[in-house]
Amino acid sequence: MNARLDSFSYDDAIVRKFLFATIIFGLVGMLVGLIIAVQLAYPAANFGPIFAFGRLRPLHTNAVVFAFAGNAWFCGAYYATQRLLKTRMWSDKLSNFHFWGWQAIIVAAAITLPLGYTQAKEYAELEWPIDVAILIVWVAFAVNYFVTLTKRRERHIYVAIWFFIASIITVAVLHIFNNLAIPVGPLKSYSIYAGVQDAFMQWWYGHNAVAFFLTTPFLGLMYYFLPKAADRPVFSYKLSILHFWSLVFLYIWAGPHHLHYTALPDWASTLGMVFSVMLIAPSWGGMINGLLTLRGAWHKVVEEPVLKFFVLAVTAYGMSTFEGPVLSIKTVNGLAHYTDWIIAHVHTGALGWNGFLTFGMIYWLAPRLFQAPLFSKKLAETHFWVSTFGILLYVASIYSAGITQGLMWRAFDETGRLQFPDFIETTMRLMPMYWVRVAGGTLYLAGTVIFIYNIVMTWKRRPAAYDVPVVTAAPLDLSTPEPHAPAGTGVYARFVGLGWHRRWEGMPLFFSVMVLVAVAVASLFEIIPTFLIKSNVPTIASVKPYTPLELAGRDLYIREGCFNCHSQMIRPFRFETERYGDYSKPGESVYDHPFLWGSRRIGPDLAREGGKYPALWHVRHMENPRSISPKSIMPSYPFLLTNRTDFDGIQKRVDAMAMLGVPYGDAINHANQMARDQAALVAADIEKNGGPAGLADKEITALVAYLERLGTDIRQPAATAAAPAATAAATTPAPLKAGGN
Amino acid sequence: MRSIADVVGASGLSGYAIVALILFFLAFLAVLAAVLSPARSSYYERAGRLPLDDLTPQTPREP
């Protein structure tokens, strides 16, 4: 036995920093969420280019996911990890680098997103320099974390740590591969993937960002803080093993359920559905494990607001993880996709699971970190009930909105025509529910304000100097085998005895490698066929690259965040083809870096927008949507009629696209002039039809050229298809007025 | 010259994702069997108590 004892203390200063960052950015993220909820119900609340829905929506999602939930995870992880390993974090400098680096990234996001710098990929909107910064900060976090694991004084790593390890590793893998892009400027890049492949990568990332940023780290927090608050061990440690490995194995496959009935290959879609349905087993195993940890302690739930928050959080986790698999079933998804149902599902998880687990954790941590009793238990109770009522209002109204709109989109009348052919009719039906959402969001935010007041008042009661307890423990001696390790004879007995797992728990780096293998193998099983099997994306001869002007217009479409409200993916349902036109083919988006299929239809699909309206219609519509459609909730974009097109920057963008394999031909040398020539044609057409003059060098012209091109290639005759791609793409102006109203 | 996409495309690999599904499902069943089988519960009780004591290591010197 080793008689030497080490003395050390835990670094709680870093935990306090992350705690404050959590509550500050939680307030910001929720406030922006409330603002965009108001904008949907009351479009006059969109102000100028910066404070419009399309630019603020990603700010809301990034703020609540990466700033609020991210800081909450780090706050809890730094507290729990040190105590579970009986050691201080290896490097205080790296801990602080992680903290300040992460906050700098959040500030950079808060500045660049409203300015329109975005990669147009959900939860991965941040542009390439910020992505590089995220990678650097993440590596610092990971190095500090894994070296701390090797310095531990506890032989075994507890289940919470497994979840943190899996999260750190998988987030790194997801971040790197989904954000691979070619920079074309200090804050502009094009994804190296296009169309189907880009969609596949994005939702492999997007779904697993939810899994490994909002689920697994919070499960780690649950496995640590719930037993602490209840003062009893987790219900079943063995069940947690099943919970952990099943999630790691299964989650990574489920992404394609975000792309049902799109141009994704059917086999990938089916696979995503099957794995998603399987996820219900481990997820509910985890929920049951959490709730049964409170066996014999339910009386404490009545008295302790911390436990109330935890119980509601775990219940919301169970509800979300039941609903997720249900939504992944293709027939259900056919109704729910593109509707508010998905938004309601997300908010059950975000407000209930992530929000309430964070609140409960901080209520438990605050007295310990600030070494003063909680300012007011009564206020914490009030917070719980106000925010719970807020969640109920939010999700009930938005579930109703989603199902209502989904049913209206697919309704036919007795003559076989669409019952609600005007999209705006389905939007107007949602307005009362949107206002109820505003009320629910206001209540949730009010609860958060109460929470922050309570925590700040607790902090004010702190002592002049924090007491730093010294912990004494023996160093870990791994040279002696662990006594009483589960054993058995024969392969089966040894396997079910789980002694092998106990050994893994004592080897954190090996454990981490096994997690990486599980995640990587599962990912590659899906990704390799999607990328390599040519038949997955049948080419269409008439589909050509965007002209330089259209490419510039597409970038404006991305800048304004139009993809947040408009899909470009018509599903093969009669109710969709009747409303929008022929269903979308995989080959139509082979030059789309990034893909812009969208995930929500607050406005109609635009995949076949080209030729539907004259150019002048688009000009008037963008200038003031309500001049065309009085009930429209779309923001106005009058500045597009005065902002000048950056013709000089177009060449660089075309060159980058060419580098990615887009066959641009002559445009590689003459993009600027070609864009000017096409802009002159578009502007002349607008003026000829009675529109304003002098728009040739204005952004609106580029955007109109792009919109008029959408979905038109597939209608081109075979003769055009046979023309050299580069010449056709570079010289053919957009079909300015191919169709009528 | 044929590209790698042509070569791999001709090999009919899309089915291997289904094979992977079956393999992963079997792995899931194996872990489930391990978890549900009777084992040394005292062992896991100790592991479950790890978060409850912030100051004393629970497992380096087990009895």
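For the criterion of being charged (D, E, K, R) and surrounded by 22 or more Cβ atoms within 10 Å (Cβ to Cβ), A:LYS308 passes. Search the stretch B:39-63 for residues that are on the phi < 0 side of the Ramachandran plot and pair each with any residue that is at pLDDT 80 or above and among the aromatic types (Phe, Trp, Tyr) when their beta-carbon atoms are under 6 Å apart and the residues are at least 6 apart or on different chains. Taking only residues 6 or more apart or on different chains, the pairs are B:TYR44/A:TYR237; B:ALA47/A:TYR237; B:GLY48/A:TYR237; B:LEU50/A:TYR158; B:PRO51/A:TYR224.
Taking the options A:THR539, A:THR530, name whichever one is at pLDDT below 85 and either in the same structural domain as A:TYR145 (by TED's automatic domain parsing) or not in a helix (DSSP H, G or I) (or both).
On the way: A:THR530 fails: either in the same structural domain as A:TYR145 (by TED's automatic domain parsing) or not in a helix (DSSP H, G or I) (or both).
From the options A:THR539, A:THR530, the qualifying one is A:THR539.
Look at (1) at pLDDT 70 or above; (2) facing chain A (nearest Cβ under 7 Å) and you find that B:LEU36 fails only one, number (2).
Conditions (1) among the hydrophobic types (A, V, I, L, M, F, W, C); (2) within 26 Å of the chain's Cα centre (by Cα); (3) within 23 Å of A:VAL438 (Cβ to Cβ), marked per residue:
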position: A:SER7; (1), (2), (3): no, no, no
position: A:PHE18; (1), (2), (3): yes, yes, no
position: A:GLY26; (1), (2), (3): no, yes, yes
position: A:PHE68; (1), (2), (3): yes, yes, yes
position: A:ALA108; (1), (2), (3): yes, yes, no
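Out of all the residues in the stretch A:80-96, which are open to solvent by 10 Å² or more (accessible area, probe 1.4 Å), of a type outside the set (A, V, I, L, M, F, W, C) and part of a helix (DSSP H, G or I)? The answer is A:ARG83, A:ASP92, A:LYS93, A:ASN96. With respect to the conditions (1) open to solvent by 10 Å² or more (accessible area, probe 1.4 Å); (2) modelled with pLDDT of 95 or more, A:GLN197 lacks only one, and its number is (2).
From the list A:ILE130, A:ILE157, exactly one residue is out of contact with any Pro (no Cβ under 6 Å at 6 or more places or on another chain), of a type outside the set (Ser, Thr, Tyr) and either in the same structural domain as A:VAL15 (by TED's automatic domain parsing) or surrounded by 24 or more Cβ atoms within 10 Å (Cβ to Cβ) (or both). Which is it?
On the way: A:ILE157 fails: out of contact with any Pro (no Cβ under 6 Å at 6 or more places or on another chain).
On inspection, the qualifying residue turns out to be A:ILE130.
Among the residues of the stretch A:39-59, those that are more than 21 Å from the chain's Cα centre (by Cα), buried (at least 17 other Cβ atoms within 10 Å of the Cβ) and in a helix (DSSP H, G or I) comprise A:ALA41, A:PRO43.
Each row is one residue, and each column tells you yes or no for (1) more than 16 Å from A:PHE66 (Cβ to Cβ); (2) small (Gly, Ala, Ser).
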{"site": "A:ILE130", "(1), (2)": "no, no"}
{"site": "A:ILE134", "(1), (2)": "no, no"}
{"site": "A:ALA142", "(1), (2)": "yes, yes"}
{"site": "A:HIS156", "(1), (2)": "yes, no"}
{"site": "A:TRP162", "(1), (2)": "yes, no"}
{"site": "A:ILE165", "(1), (2)": "yes, no"}
{"site": "A:HIS175", "(1), (2)": "no, no"}
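Only helices (runs of 4 or more DSSP H) wholly contained in the stretch A:545-638 count here; list those with 3 or more residues that are closer than 25 Å to A:TYR434 by Cβ and out of contact with any Cys (no Cβ under 6 Å at 6 or more places or on another chain). If you could, list the steps in order and put the result at the bottom.
Numbers: elements: A:548-559, A:574-580, A:615-623, A:625-628.
Of the helices (runs of 4 or more DSSP H) lying wholly inside the stretch A:545-638, those with at least 3 residues that are closer than 25 Å to A:TYR434 by Cβ and out of contact with any Cys (no Cβ under 6 Å at 6 or more places or on another chain) span A:574-580, A:615-623, A:625-628.
Would you mind stating whether A:VAL449 is open to solvent by 20 Å² or more (accessible area, probe 1.4 Å), at pLDDT 95 or above and on the phi < 0 side of the Ramachandran plot?
Details: open to solvent by 20 Å² or more (accessible area, probe 1.4 Å): yes; at pLDDT 95 or above: yes; on the phi < 0 side of the Ramachandran plot: yes.
Here the answer is yes, as A:VAL449 does meet what is asked.
Just one of the listed residues (A:LEU187, A:LEU214) is in contact with a helix residue (DSSP H, G or I) (Cβ under 8 Å, 6 or more places away or on another chain), buried (at least 22 other Cβ atoms within 10 Å of the Cβ) and away from every other protein chain (no Cβ under 14 Å), namely A:LEU214. Restricting the first member to the stretch A:285-304 and to residues that are open to solvent by less than 10 Å² (accessible area, probe 1.4 Å), and the second to residues that are at pLDDT 90 or above and among the charged types (D, E, K, R), the beta-carbon pairs closer than 9 Å and six or more apart or on different chains are A:THR293/A:ARG232; A:LEU294/A:ARG232; A:LEU294/A:LYS300; A:ALA297/A:ASP231; A:ALA297/A:ARG232. Taking the criterion of being open to solvent by 40 Å² or more (accessible area, probe 1.4 Å) and part of a helix (DSSP H, G or I), the residues of the stretch A:387-432 that qualify are A:PHE389, A:LEU392, A:LEU393, A:ALA396, A:TYR399, A:SER400, A:ILE403, A:LEU407, A:GLU425, A:MET428, A:PRO432.
Test of understanding: among A:ARG608, A:ARG571, A:ARG644, A:ARG601, which residue is among the charged types (D, E, K, R), open to solvent by 20 Å² or more (accessible area, probe 1.4 Å) and either under 28 Å from A:ASN46 (Cα atoms) or touching a residue at least 12 places away in the same chain (Cβ under 8 Å) (or both)? Spell out the reasoning first.
Details: A:ARG608 fails: open to solvent by 20 Å² or more (accessible area, probe 1.4 Å); A:ARG571 fails: open to solvent by 20 Å² or more (accessible area, probe 1.4 Å); A:ARG601 fails: open to solvent by 20 Å² or more (accessible area, probe 1.4 Å).
Checking each option against the conditions leaves just A:ARG644.
Checked against (1) in a helix (DSSP H, G or I); (2) surrounded by 22 or more Cβ atoms within 10 Å (Cβ to Cβ); (3) facing chain B (nearest Cβ under 8 Å); (4) at pLDDT 85 or above, A:LEU250 meets all criteria but (4). Looking across the stretch A:253-285, the residues that are at the interface with another protein chain (Cβ under 9 Å from one of its Cβ atoms), farther than 25 Å from A:VAL314 by Cα and among the hydrophobic types (A, V, I, L, M, F, W, C) come down to A:TRP267, A:ALA268, A:LEU271.
The values are calculated or read from the model by the stated rules, or taken from the named source; none is laboratory data. Fair warning: this is a prediction, and the values are worked out from it, not measured in the lab. With ideal geometry, Cβ positions are generated from the backbone for all residues, glycine too; neighbour counts draw on all protein chains shown. Keep in mind that these areas ignore ligands, DNA and RNA; they rest on the heavy atoms of the full protein, side chains included. Shrake-Rupley method; radii C 1.70, N 1.55, O 1.52, S 1.80 Å.
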